[in-house]
Amino acid sequence: MSFATKQLGTFPDAIAPDGSEVRVLCSTSRGSLAHFTLPPHAVSRAMAHHTVEEVWYFVSGRGQMWRRSHQHEEIVDLEPGLAITIPPETCFQFRSVSPEPLTAVGTTMPPWPGESEAFAVEGIWAPTV
């Protein structure tokens, strides 16, 4: 068994397929944790994941999240303290509607497998990132 400890980085480790900044935190064999940032008034690209599921917890900013899975579709207002799930194959898109960045801490289960995991879908807003 090994332990991991990591401080949130100043600069992003990657840009997610949806266009948000990603700061990778810790991971285990069954899940990973990352910090996501969308700039003020920005709109992500609409995406879906083949196999991973995610849980996001919003820590700053305000925004909206669109999700669609089969016949169920909704838009949720995002604010600090709110958590949402993104099941596999769920179409999703999010946007910041505040003058500060929209930030979330998210866990991915299993850990992010690589670039072929996410695929673009048609969203409801025009992306800006």
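Structure above, values below:
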read-out	value
Segment 1-39-segment 55-129 distance, computed between alpha-carbon centres (Å)	15 Å
Tensor-based shape of the chain (alpha-carbon gyration tensor, a/c under 1.5 rounded, otherwise prolate or oblate)	oblate
Formal net charge of residues neighbouring LEU38 (Cβ-Cβ distance under 12 Å; K, R +1; D, E -1)	0
Ranked packing of 48-54, 112-118, most packed first, by mean Cβ within 10 Å	48-54, 112-118
Rg/Rh for segment 70-117, where both radii come from Cα atoms and Rh is the Kirkwood radius	0.97
Calculated FRET efficiency for the pair GLU117/GLU74, C-beta based, R₀ 22 Å, to 0.05	0.40
Sequence-separation-based contact order of the chain, relative, with Cα cut under 8 Å and 6+ spacing, percent	33 percent
Over 13 Å [Cα-Cα, segment 14-60], rounded percent	66 percent
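Values quoted throughout were computed directly from the atomic coordinates according to the rules given, and no laboratory measurement underlies them. All figures in this text were calculated on a predicted structure; none of them were measured in a lab. All Cβ positions, even for glycine, are placed from backbone atoms using ideal geometry, and neighbour counts span all protein chains on display.
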